[in-house]
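Q: This structure is in structure tokens; I'll ask about it shortly.
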Amino acid sequence: MKTRNLVLLILGVLTGLFIIITTTVFGIYYVIKEKGFEMVVSISTEEKVERDSYSIHHSVSKDRVKEIEEALSSVFELGETWFGQVDMNEKLIIKMVSNDEKLLTASRTGEYDIIQNAIRVNQNLNKESFYGTLAHEVAHAYTQGYIYNKEKVMMTDVLPLWFIEGIADTFSYQLYDRYYSDSPYEEWNEIEPFHNIPNEAVGFSHYELSRFAVEHLVSEYGLSIITDIIDETLETNDFEGVFNKKTDYLLSDYHKLFEFEEDEYETILKLLEQKEEDKAEKAIVKVLEEKPEYFMGASFFYSQYIYILEEQNRHEEALELVEKFLKLDYSPISLLRASKIAVNSDKELALEYGKQALHRAEVSGYELGLYQKWLKDLSEE
């Protein structure tokens, strides 16, 4: 009987070991199959810069690597301001990816791989997008590191994806104004409750809404609101309950703060068509006073307000609104408009906006004649 029990015990142990080994092998195979092997092979053929906390794998010039490291210094400094000293468990891998590589899956700009603690950034992005993307992905690494230091879990297991992406974009925007154009009008009134934003992936308009949502929390409660929500969510595993407790909002209604009523839009357009600019201005100011600084569709209200101020020759007031407007619409034509507004009170700023307009037109593939002519005329004045 004892012999039989011993045999059964040994068989049980061997079976358990077999399951563990099989699971591990298939897990490793899956990671390598998805990205790991491609990444290992790619990294092995590139140059590497090794530092205490990170490594950069690249095929770019030494001058550009130096510039990237200088940028990382500022990004890491901001990371410590937001999250304190964070042990990321594994050294952060920063992989520069070219357009012809297949390492970027969900995004053409950049992504963060939690399993490998690796960042991949498209090295062919224009300068603003590249550094904004780099900061965004480093913010993910800090968020994951902060959580992992407290509980050995993935950030996606405890936080909704919209909050994770909102943190990263808000973080990035504090260093680099990676201006996203405002969503088309058709999408403004289709804002979903945060419950409904999928955790598997977020769309462009979800990113923007998420940034507005987290920026507003930081503006109203300070940076500590981020880690306060994370800390208590780790304790309770109840993000919504913690959100409701830590803020003056219900998560179920929070999205409403960033939308507007369609009749407000229609009323303002009608008043402007009727040349009743004073009434239109009051209606716009009312909306802007009731909303956070940025909300879905905000560019329309800022744009119309700037138009009214310009029509009334209130150039300095218009110029004050231009910066807010450009954070929502950084298109070449909007920068050109900003330059034409600035010329009335600040020639140097007008030239700077004109140069930015030409640059954005170049990287966006616009016809350059209009922007070149404006800069030439401005320089000759």
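Q: Given the criteria of a type outside the set (Phe, Trp, Tyr), in contact with a Leu (Cβ under 6 Å, 6 or more places away or on another chain) and at pLDDT below 95, does Asn244 qualify?
A: On the way: of a type outside the set (Phe, Trp, Tyr): yes; in contact with a Leu (Cβ under 6 Å, 6 or more places away or on another chain): yes; at pLDDT below 95: no.
No: the conditions fail for Asn244.
Q: Only one of (1) open to solvent by 40 Å² or more (accessible area, probe 1.4 Å); (2) assigned to a helix (DSSP H, G or I); (3) under 26 Å from Glu208 (Cβ atoms) is not met by Asp248, so which one is it?
A: It is condition (2) that Asp248 fails.
Q: Please go through (1) at pLDDT 95 or above; (2) within 28 Å of Asp329 (Cβ to Cβ); (3) open to solvent by 60 Å² or more (accessible area, probe 1.4 Å); (4) not small (Gly, Ala, Ser) for Val218 and return the number of the only condition it doesn't satisfy.
A: For Val218, the failing item is (3).
One line per residue, one yes/no per condition, for (1) of a type in the set (Val, Ile, Thr); (2) farther than 20 Å from Thr156 by Cα:
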{"residue": "Glu208", "(1), (2)": "no, no"}
{"residue": "Val218", "(1), (2)": "yes, yes"}
{"residue": "Tyr221", "(1), (2)": "no, yes"}
{"residue": "Leu234", "(1), (2)": "no, no"}
{"residue": "Asn237", "(1), (2)": "no, no"}
{"residue": "Leu250", "(1), (2)": "no, yes"}
{"residue": "Leu257", "(1), (2)": "no, yes"}
{"residue": "Glu262", "(1), (2)": "no, yes"}
{"residue": "Leu288", "(1), (2)": "no, yes"}
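Q: Hey, another quick one. Looking at the range 251-290, which of its residues are in a helix (DSSP H, G or I), under 25 Å from the mean Cα position of the chain (by Cα) and of a type in the set (Phe, Trp, Tyr)?
A: Tyr254, Phe258 - these are the residues of the range 251-290 that are in a helix (DSSP H, G or I), under 25 Å from the mean Cα position of the chain (by Cα) and of a type in the set (Phe, Trp, Tyr).
Q: Of the residues Ala361, Ala357, only one is over 30 Å from Tyr254 (Cα atoms), in contact with a Phe, Trp or Tyr (Cβ under 9 Å, 6 or more places away or on another chain), open to solvent by less than 70 Å² (accessible area, probe 1.4 Å) and at pLDDT 90 or above; which? Before you say what the answer is, go through the steps one by one.
A: Numbers: Ala361 fails: at pLDDT 90 or above.
The conditions single out Ala357.
Q: To continue, here is another question. Need a quick list: strands (runs of 3 or more DSSP E) entirely within the range 13-102 having at least 2 residues that are at pLDDT 75 or above and closer than 30 Å to Leu223 by Cα. Quick ask: steps written out before the conclusion?
A: On the way: elements: 47-50, 54-58, 92-97.
Fully inside the range 13-102 and qualifying: 54-58, 92-97.
Q: Test of understanding: among Phe301, Phe295, which residue is farther than 21 Å from Tyr371 by Cα, part of a loop (DSSP other than H, G, I, E, B) and of a type in the set (Phe, Trp, Tyr)? Steps first, answer last, please.
A: Details: Phe301 fails: part of a loop (DSSP other than H, G, I, E, B).
Matching residue, one of Phe301, Phe295: Phe295.
Q: What about Pro198, is it open to solvent by 20 Å² or more (accessible area, probe 1.4 Å) and modelled with pLDDT under 90? Before you say what the answer is, go through the steps one by one.
A: Values: open to solvent by 20 Å² or more (accessible area, probe 1.4 Å): yes; modelled with pLDDT under 90: yes.
So Pro198 passes the test.
Q: Right, next: Select, from Glu311, Glu261, Glu320, the only residue that is touching a residue at least 24 places away in the same chain (Cβ under 8 Å) and open to solvent by 60 Å² or more (accessible area, probe 1.4 Å).
A: Details: Glu261 fails: touching a residue at least 24 places away in the same chain (Cβ under 8 Å); Glu320 fails: touching a residue at least 24 places away in the same chain (Cβ under 8 Å).
Step by step, each of Glu311, Glu261, Glu320 is checked, and only Glu311 is touching a residue at least 24 places away in the same chain (Cβ under 8 Å) and open to solvent by 60 Å² or more (accessible area, probe 1.4 Å).
Q: So if I check each of Ser334, Ser299, Ser339, which one is among the polar types (S, T, N, Q), in contact (Cβ under 8 Å) with a residue 40 or more places away in the chain and crowded, with 17+ Cβ neighbours inside 10 Å? Before the answer, list the steps.
A: Details: Ser334 fails: in contact (Cβ under 8 Å) with a residue 40 or more places away in the chain; Ser339 fails: in contact (Cβ under 8 Å) with a residue 40 or more places away in the chain.
Exactly one residue qualifies, and that residue is Ser299.
Q: For Ser73, indicate whether it is closer than 27 Å to Val214 by Cα and of a type outside the set (Val, Ile, Thr). So that I can check it myself, show each step before the final result.
A: Working: closer than 27 Å to Val214 by Cα: yes; of a type outside the set (Val, Ile, Thr): yes.
Judged against the criteria, Ser73 is a match.
Q: Out of curiosity, is Tyr371 open to solvent by less than 30 Å² (accessible area, probe 1.4 Å), within 30 Å of Val218 (Cα to Cα) and either in contact with a Pro (Cβ under 6 Å, 6 or more places away or on another chain) or in a helix (DSSP H, G or I) (or both)? Talk me through it step by step, then tell me what you get.
A: Details: open to solvent by less than 30 Å² (accessible area, probe 1.4 Å): yes; within 30 Å of Val218 (Cα to Cα): no; either in contact with a Pro (Cβ under 6 Å, 6 or more places away or on another chain) or in a helix (DSSP H, G or I) (or both): yes.
When the stated conditions are applied, Tyr371 does not pass them.
Q: Continuing with this model, one more query. How many residues does the range 221-233 contain that are open to solvent by 30 Å² or more (accessible area, probe 1.4 Å) and either modelled with pLDDT under 95 or not acidic (Asp, Glu) (or both)? Quick ask: steps written out before the conclusion?
A: Our first condition is that a residue be open to solvent by 30 Å² or more (accessible area, probe 1.4 Å); within the range 221-233, this holds for 221, 223-224, 228, 231-232.
Now restrict to residues that are either modelled with pLDDT under 95 or not acidic (Asp, Glu) (or both): 221, 223-224.
Residues meeting the conditions: 3.
Q: Give the range 108-130 a look and list any residue that's part of a helix (DSSP H, G or I) and either charged (D, E, K, R) or touching an Asp or Glu at 6+ places or on another chain (Cβ under 9 Å) (or both), or say none.
A: Of the residues in the range 108-130, the ones part of a helix (DSSP H, G or I) are 127-130.
Lys127, Glu128 - these are the residues of the range 108-130 that are part of a helix (DSSP H, G or I) and either charged (D, E, K, R) or touching an Asp or Glu at 6+ places or on another chain (Cβ under 9 Å) (or both).
Q: Kindly indicate which of Lys279, Lys275, Lys291 is modelled with pLDDT of 95 or more and open to solvent by 30 Å² or more (accessible area, probe 1.4 Å).
A: Details: Lys275 fails: modelled with pLDDT of 95 or more; Lys291 fails: modelled with pLDDT of 95 or more.
The match here is Lys279.
Q: Which of (1) among the polar types (S, T, N, Q); (2) surrounded by fewer than 21 Cβ atoms within 10 Å (Cβ to Cβ); (3) assigned to a helix (DSSP H, G or I) is the odd one out, the single condition Thr170 does not satisfy?
A: The single condition Thr170 does not satisfy is (2).
The values are calculated or read from the model by the stated rules, or taken from the named source; none is laboratory data. A quick note: this is a predicted structure, and the numbers were derived from the prediction, not measured. All Cβ positions, even for glycine, are placed from backbone atoms using ideal geometry, and neighbour counts span all protein chains on display. Surface areas here come from the heavy atoms of the whole protein model, side chains and all, with no ligands, DNA or RNA. Shrake-Rupley method; radii C 1.70, N 1.55, O 1.52, S 1.80 Å.
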